[in-house]
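To keep things clear, I will list the structure first and then write my remarks on it.
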Amino acid sequence: MTTDQLRTLYLGYVDLAMKREFDRLDEFVHDEVIQNGVRGSRAEMAAALRAHTTAIPDLVWEIQDLVIAGNRIAAHLLDTGTPTQEWFGLPPTGRSVTFHEMAFYEVRDGRIAATWYMMDVDAVRRQLGG
C-alpha cells in the first residue's frame with residue numbers, strides 16, 4: 001500500500017471508532033490480530049474498544065502525530081472524555097480526563113494485522129484519583 005492509502009486506512013479506522021461503528025471493524029482489521037504481542041481476534045479487539053467507549057461514552061481520539069513507514073503506522077493521540085463507569089479500577093468522579101496514547105500498527109493485505117499501544121494510565125489515575 002502507498003503512504004496515502006495507509007493514511008486513508010488509519011483515518012477511516014479512527015473515524016469508525018469515533019462513530020462507534022465497531023461492527024465495521026472487518027473493513028480495517030484482519031480476523032486474527034496481534035495486540036501488544038498477544039494473538040487474538042478482531043471480535044476481542046472490538047470488545048476492548050466497546051469497553052472503553054462504554055466506560056467513557058464521549059471518548060475522543062485526536063491525532064497529534066502520524067508517521068507512516070513501509071507497512072507500519074505510528075500515531076500519537078490525545079484522548080479526552082468523562083468516565084461514567086469504573087475504568088482502570090477507578091470509580092467515575094464526574095471529572096474529565098485527558099491523556100496521551102501511542103499506537104503502532106502493522107498492515108498486511110490492506111488491513112491491520114498487529115497493533116501495539118500504550119496509554120498514559122498514570123495521568124488518568126492522577127486526574128480521577130484527586
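We did not get these values from a lab; they are worked out from the coordinates using the rules stated. Everything quoted here is computed from the prediction, not taken from an experiment. A quick note on method: Cβ atoms are made from the backbone with ideal geometry, for glycine too, and the neighbour counts reach across all protein chains shown.
Structural remarks
- When the residues of segment 10-44 are filtered to those that are crowded, with 16+ Cβ neighbours inside 10 Å and without any contact (Cβ under 8 Å) to a residue 40 or more places away in the chain, the one that is farthest from T82 (Cα to Cα) is R42.
- Residue selected from segment 100-130 under the condition of a type in the set (F, W, Y) and touching a Ser or Thr at 6+ places or on another chain (Cβ under 8 Å), by the criterion nearest to D65 (Cα to Cα): F104
- Hey, R125 surrounded by 13 or more Cβ atoms within 10 Å (Cβ to Cβ) and basic (K, R) or not: yes
- Residue within segment 47-56 that is under 20 Å from D4 (Cα atoms) and loosely packed, with under 14 Cβ neighbours inside 10 Å present: no
- Applying the set (1) among the charged types (D, E, K, R); (2) in contact with a strand residue (DSSP E or B) (Cβ under 6 Å, 6 or more places away or on another chain); (3) closer than 23 Å to R126 by Cα to R95 leaves exactly one unmet item: (2).
- Test: residue in segment 91-104 that is aliphatic (A, V, I, L, M), exposed (fewer than 13 other Cβ atoms within 10 Å of the Cβ) and closer than 22 Å to V33 by Cβ: no
- Selection status of I112, surrounded by 13 or more Cβ atoms within 10 Å (Cβ to Cβ), β-branched (V, I, T) and farther than 26 Å from R125 by Cα: yes
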